[in-house]
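Notes to accompany the following structure.
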Amino acid sequence: MMSLRKEIYLLLILLLASCSVSKFIPENEYMLNRVDIISHNKENYVAQARSYVRQNPNSKWFSLVKVPLYVYSASGKDSTKWINRSLQKIGEAPVIYDSKQAELTRESIETMLKNNGYLHATVDFEPKVVSGNKINATYYLHEREQYKIVGITREIEDSLVESYVVADSAETLLKKGMPFSINTLNKERERVTAMLRNVGFYKFQKEYISFIADTAYHSTDINIKMKIAAFKENVQDVPTSHQQYHLGNIYFVSDAGLRLDDNELSLCDTMHIGNYDLLYRNKLFIRPTVLSNQTYILPGELYSQNRIDRTYNSFSQLSALKYTTLRIKENEDDNSLLDCYIMFERRKRRSVTFEVEGTNTAGDLGAACSMTFSDRNLFKGSEVLSLRLFGAYEAISGLSGYIKDSYFEYGAELGLRIPGGIVSHMIPAEKRFLKSTTQFSLQFNSQERPEFERQILSASWSYLWSKKHSTQHKLDILDVSYIYMPWISDTFKREYLDSISNRNSILKYNYENLLITKLGYSFSYNSATGKKGFQPMVFSLRTNIESSGNVLTGVNSLLSAKKNSDEQYTFMDIAYAQYIKGDVDLTAHMNIDSRNSFVMHLGLGVAYPYGNSTILPFEKRYFSGGANSMRGWTVRGLGPGSFKNHNRDIDFINQSGDMKLDVNLEYRSHLFGKLHSALFIDAGNIWTIRNYKEQPGGQFDIKTFYQDIAFSYGMGLRIELDFFVFRLDCGMKAVNPAYSGKDRYPLFNPDLSRDFALHFAVGYPF
């Protein structure tokens, strides 16, 4: 009854707010209530037509209720009162219907249809007044017949240009039988222009290319003629052949400004570097070979816009440089040559940053801090050296029988990032990747808990590269971690490691000294990278595969090495892990409008221990629950399978697995200002590949695994700042596979103390 009353009150508030909207609507004018676009064509251009609408109604929370409008309407007209100003600032003023904007919208949609081959298309517009001072706008699309291209010819006034266009004809976007589309013609203009600018035609512009469409009477067939005009510097000039340019001198210009100033250049010192000249002021701060390695152009070769862009992008990635620009100038002695000036200025070399944060782990409060020192030009090659020191403290409650009652962690991380690196320097410049980096890392981490002390020493060597802005590759050439347990509490050993009744093989394996030697490869793709404007759909994909222990096992087998008492090969008397692991993470982001979006996420992971290991190392196991997974559960609180924890002090190790499934659906909506919200549904779980007695119900079975899939739902608030997103998600369990009977379905029988979880995080979950 109480819940029903609240809903009635909310409805009355919204109704009263909607009535007060009229005071902000001028007399004899209307508020735009809704916009509809109707088409009966099977191609359905409604979605594309919506991007041409110049006036849209007031925004809705979750595409349902115009809350920002009602907030604005709750204010008064007296702007001197702070409450009115505040409500109007966070709210949204009513959108007043503008007939001129509606007509421009109608014309734009009609033009769009004609550009897609519907040359006789028309768009009708019908405004309809509703509720006295509101109006609905409806656009009716009448596409009619679509015209098709049946013939393609060329008329090129420059024979040299013609030879290149003919040789490139296999790449054309224009095909016989395709729909006639102005958009495709424009893309073909841009493609041909880019091709010609990459073979020396520096001054060629797309305006030299035009198309003539010839149609027959009472026919939808179109013959296309592509015309490429001769070169004219000015309108009154006599047409001539297009000039094909070669590159002349190539200069690196350091700390002399970013404009071509002869006076500034005359004050520079000069150094010759192979095919290039270096002009610099003051002391040279970067090795000349680094500059030449980032350059994809050479004197004497044909001008190529693609190589110019690759060179600029490559210099922009150098951490030692603050600004970079690239200037082209015709050679004073030979007008068929272009001199290129790559100009840059140095960046502040060293910096120190500090971070302090509070922590909360299952109600245990603590604090963490870190200091990072960075040097962005360590060996004058734009190498980035970073040294991070960190520490954390947390009070631990609920433990008995231990001397200590706190958790302390400290460590250091030393990293070195080298542009390109050894691998890329072995590859010729014309075949190099657009961007590549070699990374080295050395880490030390020490954890001191009441139960044990744990130290991890890691070293890694990775190579990263990308050919396109949207893709990223990473190869882990070498990644070695040594896990050392210097001390374990007698209480912990007695109750969990040595006790016959509580002996846990998974726990025991992960509290012994262990060596992990990893080789891996990962790939990521994001369709939004490098693109501008509204995108209806954005995809991102991350994949990873890694393995450990294969090389050492192969060597031990060849040497006929002996195994230890646990039937494991060792390296320097240390057992090492052997496994293979693969992950796939896919996210689809569908933008409904500028304020609402629907996000779908799928995460899959499988790891298999074999050979020298029967159990996966703790660091490589999967967990479920938390802010980025199943939000109806606390961190590491779900699974594996139908496993139900009994001892929270130790079951965190048992609530881990070898397989993971995450499916997340999230509806995101912009509320007002920097405040956003989301409604979400999560489904998934983790499983083990083998049947471990410590994890009853945790093994994956292809026939019954669907019965172990958990579900949760909830709502979240997000504050989007310039560089951070602060997120608060409230999750509720809907289906809990750890229980049976009515407790299995808390959706119908919720218990807040058992089924509710609150998560605070930074950044989006996916």
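In debye to the nearest 20, how big a dipole does the chain give about its Cα centre with +1 on each Lys and Arg Cβ and -1 on each Asp and Glu Cβ?
On the way: 89 positive and 84 negative charges, 232 e Å.
My answer is approximately 1120 debye.
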Excluding residues fewer than 8 places away in the same chain, name every one of the aspartates and glutamates whose C-alpha is closer than 19 Å to that of Lys660. Glu546, Asp583, Asp585, Glu619, Asp651, Asp682, Glu694, Asp701, Asp708
Using the Karplus curve 6.51 cos²θ - 1.76 cosθ + 1.60 with θ = phi - 60°, work out ³J(HN,Hα) for each residue of the stretch 265-279 in order, rounded to whole Hz, and write x for Gly and Pro. 5, 5, 8, 7, 7, 10, 9, 9, 10, x, 8, 10, 10, 10, 10
Rounded to the nearest 20 debye, dipole of the stretch 12-166 from Cβ charges on Lys, Arg, Asp, Glu: 1060
Using a 1.4 Å probe, how large is the accessible area of Trp461, given in Å² and rounded to the nearest 10? 80
May I ask you to evaluate 6.51 cos²θ - 1.76 cosθ + 1.60, the Karplus curve with θ = phi - 60°, for each residue of the stretch 127-139 and list the ³J(HN,Hα) values in order in whole Hz, giving x for glycine and proline? x, 9, 6, 10, 6, x, 10, 10, 9, 9, 10, 10, 10
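Count the DSSP beta bridges whose two residues both fall in the chain, then state the antiparallel fraction as a percent rounded to the nearest 5. Intermediate results must be reported in sequence, preceding the final value.
Details: 207 of 236 bridges.
Bridges in the chain that DSSP calls antiparallel: roughly 90 percent.
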Work out from phi, with θ = phi - 60° and the Karplus expression 6.51 cos²θ - 1.76 cosθ + 1.60, the ³J(HN,Hα) of each residue of the stretch 220-227, listed in order in whole Hz, and give x for Gly and Pro. 9, 8, 10, 9, 9, 10, 8, 10
Amide H to amide H, which residues 5 or more places from Ile250 or on other chains are under 5 Å from it, using H placed in the peptide plane? Asp277, Cys340
With every protein chain present, what accessible area does Lys128 have (1.4 Å probe, heavy atoms only), rounded to the nearest 10 Å²? 120
Listed by chain and number, the residues whose amide H is under 5 Å from that of Ser613, excluding neighbours fewer than 5 places away on the same chain and using placed H, are Gln578
Of the accessible area of the chain, with the probe set at 1.4 angstrom, what percent is carbon plus sulfur? 56
Could you pull out every one of the lysines with an alpha carbon less than 29 Å from that of Lys493, ignoring same-chain neighbours closer than 8 positions? Lys404, Lys508, Lys562, Lys563, Lys620, Lys644, Lys693
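For Lys23, Lys562, write out the residues from largest to smallest accessible area, computed with a 1.4 angstrom probe and no ligands counted.
Numbers: Lys23 80, Lys562 180 Å².
From most accessible down to least: Lys562, Lys23.
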The answer for the chain, accessible area per residue at 1.4 Å probe in Å², is 53
So how exposed is Asp262, as accessible area in Å² (1.4 Å probe, rounded to 10)? 100
Can you give me the distance in nm between label points at Trp82 and Phe726, each placed 7 Å from the Cα along the Cα-to-Cβ direction? 2.1
Relative intensity, log₁₀ I(q)/I(0), of the chain from a Debye sum that treats every alpha carbon as a point, q = 0.08, 0.09 Å⁻¹: -1.02, -1.20
Taking the alpha-carbon centre of each part, the distance from the stretch 71-121 to the stretch 184-233 in Å is 38
Contact order normalised by length for the chain, with contacts defined as Cα pairs under 8 Å and 6 or more residues apart; what percent is it? 6
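When the dipole is taken about the Cα centre of the stretch 563-695, and only Lys, Arg (+1) and Asp, Glu (-1) are charged at their Cβ, what size is it in debye, to the nearest 20? Don't skip to the end; give the middle numbers.
Numbers: 14 positive and 14 negative charges, 61 e Å.
Computed about the Cα centre, the dipole is about 300 debye.
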From a point 7 Å beyond the Cα of Asn513 in the direction of its Cβ, which residues of the stretch 549-583 have a backbone N at a distance under 11 Å? 571-575
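The values are calculated or read from the model by the stated rules, or taken from the named source; none is laboratory data. For clarity, every value in this text was computed on a predicted model and none was experimentally measured. Ideal geometry is used to build each Cβ from the backbone, glycine not excepted, and the neighbour counts take in all protein chains shown. To get the accessible areas, we keep the full protein, side chains included, count just its heavy atoms, and leave off ligands, DNA and RNA. Shrake-Rupley method; radii C 1.70, N 1.55, O 1.52, S 1.80 Å.
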